[in-house]
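Engineer: This structure is in structure tokens; I'll ask about it shortly.
Values in this text are rule-based calculations from the coordinates and carry no lab data. These numbers were taken from a predicted model, which means no experiment stands behind them. FYI the Cβ positions are ideal-geometry reconstructions off the backbone, even for glycines, and counts take in every protein chain you see.
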Amino acid sequence: MSAIARRYARAAVEVADQKGGIAAIEALFAGLASFRAAFKQNTDLREVLRNPVLREQRPGALEAVMKKLGVSAEAAKLINLLAARERLAILDDVVAETEVLADERMGRVRAYVTTAVPLGDVQAQRLARALEKRFGQPVALSIKIDPSILGGLVCQVRDVTMDSSLRNQLESLRERLLA
Amino acid sequence: MMNLWRRLGALVALALTTLTPLVLWAAEEGHGGHDAEIHVNWWSRDMVAPPVGWYFVDFVIFVFALVYLTRKPIRGAFIARHHAIKRAIDDNQAAFDTAKADYDKTRDKLAAVDREVGQLIAKVKEDGAFERERIIDSAKTYSVRMRDDVKGIIANEATAAKIRLQRSVAEQALKIAEDLLVANITDADRVRMVDEAIVEIEKVESLAVAAQRRRATDRTAVGGEK
């Protein structure tokens, strides 16, 4: 993670905290995350934001996209600033740092969960509760779907990784067979 | 001088001994053979029979003069010849001695060379035998080492092949298992596995509880030691 991304993220989180507290920080992170997803998925949006020839159309396109995504005002300001300074290449780092800072402000830990199928609401709540019990503080889930793990789930919190995936069991079996 | 006179006397005696029978024989033949009376004219002047005595005297004078006149040159010549022969003999003796010394030296050298050749041959034979033994020992050692190396290589290769085979079998088995899982697993199975994973996480005691338990265990251990 670059120092520049860290500075942008810290500045945005502080502004959001001053204006709206934790809810604004949450909205900032949610807005940045949704914009990053749209930026990665939409080729036209990337073309508009990266092509210098289309610099005139950039504010309008950004405004339309952010309005459609419903991002918060602080998130919109940060995205506009990054686009104006040709810094959208560090958007991933800024979002990750914002996530970390938001979690710190809200006193929670982030659990990165990978499953082969989407988790149901009940499963997500059970998992969050189990992790809160395990780590003694609120847990926010970042869920990723990866069919290559075949089944089960992989959960990483801080430096602790709990891997009960079928892929991991197969790898363990391979290690035992080859040992 | 006495020696000279003695030699001269001997010469006269020789002449008389040799010539007298000849003179007598000639006189006898001159007077008609054996039956005639033998008459020798020694000193008279006779036109028919020459005076033999004077002839003897003339001969002796001649011989004396001859000896007197030629004595020194002949003597010098003989002495020179004697010295030359003596020098030649000495030179030859010296040459003989030198040659003999060379011969002895050469013979000694040849004997030394023979001895040296003999020693050399013996040494070469000894070295050859030693070298042969050394080569045989080295070959034996090398063959043993090669055999051990080959055994080690065979064992390593066998082990490696076994490991490769096990690995291949394991990989194939895992591939088949994975293919079977992918083909047969359903979303319901995946949801059930997630539920089971959540149950496993729920079973794990919290970090705080684990830390408290660890501290309590440590205190008990320390108290027990006291």
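Engineer: Can you put B:Met193, B:Met146 in order, fewest other beta carbons within 10 Å first?
Structural biologist: Lowest to highest Cβ neighbour count: B:Met146, B:Met193.
Engineer: With r as the distance between the Cβ atoms of A:Leu177 and A:Asp92 and R0 = 41 Å, compute the FRET efficiency 1/(1 + (r/R0)^6) and round to 0.05.
Structural biologist: Rounded to the nearest 0.05, the efficiency is 0.60.
Engineer: Taking the Cα atoms only, what angle lies between the long axis of helix A:3-41 and the longest principal axis of chain A, rounded to 10 degrees?
Structural biologist: Compared with the principal axis, the helix lies near 80 degrees.
Engineer: Quick check: the angle from helix A:58-69's long axis to the longest principal axis of chain A, C-alpha only, nearest 10 degrees?
Structural biologist: Helix A:58-69 sits at roughly 50 degrees to that axis.
Engineer: Nothing charged except the Cβ atoms of Lys and Arg (+1) and of Asp and Glu (-1): what's the magnitude of the dipole of region B:93-209 about its Cα centre? Round to the nearest 20 debye.
Structural biologist: Dipole size: approximately 920 debye.
Engineer: Can you tell me the order of B:120-128, A:122-130, A:71-79 when each peptide is scored by its average per-residue count of other Cβ atoms within 10 angstrom, highest first?
Structural biologist: Peptide ranking by packing, descending: A:71-79, A:122-130, B:120-128.
Engineer: So how far apart, in nm, are the two label points at B:Arg147 and B:Ile74 if each is 7 Å from Cα heading toward Cβ?
Structural biologist: 10.5
Engineer: Does anyone have the angle between helix A:166-178 and the longest principal axis of chain A? Alpha-carbon axes, 0 to 90°, nearest 10?
Structural biologist: For helix A:166-178, the angle is close to 50 degrees.
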